[in-house]
Every structure is written in structure tokens, then in C-alpha cells.
1. Residue 149 fails exactly one of the following numbered conditions: (1) surrounded by fewer than 21 Cβ atoms within 10 Å (Cβ to Cβ); (2) farther than 18 Å from residue 63 by Cβ. What is the number of that condition?
2. Given the conditions (1) farther than 26 Å from residue 111 by Cα; (2) aliphatic (A, V, I, L, M); (3) assigned to a strand (DSSP E or B), report the number of the one that residue 157 does not fulfil.
3. Can you name every residue in region 60-86 that is small (Gly, Ala, Ser) and either under 24 Å from the mean Cα position of the chain (by Cα) or open to solvent by less than 30 Å² (accessible area, probe 1.4 Å) (or both)?
4. Enumerate the pairs (first residue in region 96-113 and outside any loop (DSSP other than H, G, I, E, B) and at pLDDT 95 or above; second residue anywhere and among the basic types (Lys, Arg) and open to solvent by 70 Å² or more (accessible area, probe 1.4 Å)) with beta-carbon separation below 8 Å, excluding pairs fewer than 6 apart on the same chain, so at least 6 apart or on different chains.
5. I need the full set of residues from region 155-185 which are open to solvent by 40 Å² or more (accessible area, probe 1.4 Å) and free of Cβ contacts under 8 Å to residues at least 60 places away in the same chain, in order please.
6. State whether one or more residues within region 119-136 are of a type in the set (Asp, Glu), open to solvent by 50 Å² or more (accessible area, probe 1.4 Å), in a loop (DSSP other than H, G, I, E, B) and in contact (Cβ under 8 Å) with a residue 60 or more places away in the chain.
7. Give the residue, chosen from 40, 33, that is touching a Pro at 6+ places or on another chain (Cβ under 9 Å), of a type in the set (Val, Ile, Thr) and either closer than 22 Å to residue 131 by Cα or modelled with pLDDT under 95 (or both).
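The values are calculated or read from the model by the stated rules, or taken from the named source; none is laboratory data. What you see is a predicted model; the values in this text were computed from it and never measured. With ideal geometry, Cβ positions are generated from the backbone for all residues, glycine too; neighbour counts draw on all protein chains shown. In case anyone asks, the SASA skips ligands and DNA or RNA and just uses the protein heavy atoms, side chains included. Shrake-Rupley method; radii C 1.70, N 1.55, O 1.52, S 1.80 Å.
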Amino acid sequence: MKPLAGRVVLVTRPADDADELMRLLERKGATGIAAPAIEIVPTRSVKLSRALDELASGGFAWITLTSPRTVDVLAGSLRPRELDAKVAAIGEGTREAFRRWARREPDLVPKTFTTSALARAFPRGSGRVLCPRADIAPEGLEDALAAKGWHPVRVDAYRTRMPRSLPPEARSALRAGTVDAVTFTSASTVSGFVRALGVVKGHPKVVCIGPVTARAAREHGFTVHAVANPHTLESLVTAIERALAPRDRAR
């Protein structure tokens, strides 16, 4: 029997990003229910366009890529050979997205897939670093780079919207108490889920992709039952298995 057979798992990723996790859950026997807690909206601004033009002309020593979305921003404006800067990427998903587009590896990928780990791994130096981020991303990365001598330039690469309610299938499953686990893949999915949340019955397990997301979940009052390590979708599914594994009965 598959390890998650008969289990129901809520997927709070944006609708465009949910397919891979849903497939991984299905392979393990689970029923995934899409419950997008955030929506990603592209940003078009003079500041972003100017920054990308400067990037192509050698105006930045580095660029930080903190999600596959930031790679999409590059791909929408530049050709790989126009990227005249070193590249720091967080996570396997971002690394793979960059590799597919640029046909080369990033120059820096931290061992732990968090912005704080990227800041620690970043070398000391001087020069400008382009930091395309989500509009609601915290400021910590830029502060850490500045402390190492760099001049970070942050631009909003995309905006995050939060829905007023979850889709009907997700609401019905939560009301009926049939959800076994809820997955969170970013701090913003936690915030969006809380904002859109209605009636919940039962006690679904909360499983997070990493420590930053887990901290956000706890700050909203959730008990976190498992955290993926490393912080990938495959490890997230493994963490779900761990959280839902039946406890051994005392003999």
C-alpha cells in the first residue's frame, strides 16, 4: 500500500505552482486538494525595467534569485548571454529554473534553502547587488548584504495577492473534517490561508517547507507537526508522511 493512501492533503501554493506537489502526493496515494492561499501577479514598473537594463549593461556585480518567479522575470526581459553578473540562487527549484534558462549553474547556492543562509554564504565585497523580490518579502537579505560591504538594490519583481476565501472543495473538506494535512510553502501562504479560512473541523496536521514558513505558522497559532529538510517539494511530501505516520501502540 502507498504510504499516503486514503489521506487528504490541502495544497496552499498558488494555482500555477500547485501541479508538481499534487503529482507527488498522488504518487504516494494521497488526494490533493488545491487551496491556493496566494496569487502571484507580475509587476511592471519603471524601476524594474531600469534595473534589468542596468543588469544587462554590467551595472551589477551580483543578482540574487530567491524563487523561480525571479528567474521568470529575467527570462521575460533578457537573453542568457545578456546577464552580465554573478548569480546567487536559493533552493533547488530556483537553481533548476535558472539552469534551464541560462544553460549554466548559478555561481552560489547555499546549502540551506533560506534567505538567511544565502546571506551567510555570500562573500564579502563591494559593488551593487540586484535583489528582485516579492513585494511582501522581508528586508533581512538586503540588510545582511549591506553588512558585508555590498550595495543591495531591491526591486519588486512580482506582487502577492491574498484571496478572500478558499475554493469550494477546500472549504467543504475543512468543514467536513476530512483534511488530514495542510501544507505551507511560504510565509505568505500561511497569511493568505489564515485570511481566507472559514470553519475547520478535525485536527489537520500542519507541514511546512522550511523554518521561515514554520515560524510564520507558529506566529499565527498553528502547531507545526513537521518541517521539510532539505526544503524541497519532495522532502515536503516525506515530511507529510512523517506527520501522518501512525504512532506505535504501547505493548
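1. (2)
2. It fails just one condition, (1).
3. Going through region 60-86, the residues small (Gly, Ala, Ser) turn out to be 61, 67, 75-77, 85.
Matches in region 60-86: 67, 75, 76, 77, 85.
4. 108/86
5. Result: 164, 165, 168, 171, 172, 175, 176.
6. Going residue by residue through region 119-136, those that are of a type in the set (Asp, Glu) are 135.
Checking which are open to solvent by 50 Å² or more (accessible area, probe 1.4 Å) leaves us with 135.
If we keep only those that are in a loop (DSSP other than H, G, I, E, B) as well, we get 135.
With in contact (Cβ under 8 Å) with a residue 60 or more places away in the chain added as a condition, the list becomes 135.
Yes, because at least one residue in region 119-136 is of a type in the set (Asp, Glu), open to solvent by 50 Å² or more (accessible area, probe 1.4 Å), in a loop (DSSP other than H, G, I, E, B) and in contact (Cβ under 8 Å) with a residue 60 or more places away in the chain.
7. On the way: 33 fails: either closer than 22 Å to residue 131 by Cα or modelled with pLDDT under 95 (or both).
Sole residue among the options that is touching a Pro at 6+ places or on another chain (Cβ under 9 Å), of a type in the set (Val, Ile, Thr) and either closer than 22 Å to residue 131 by Cα or modelled with pLDDT under 95 (or both): 40.
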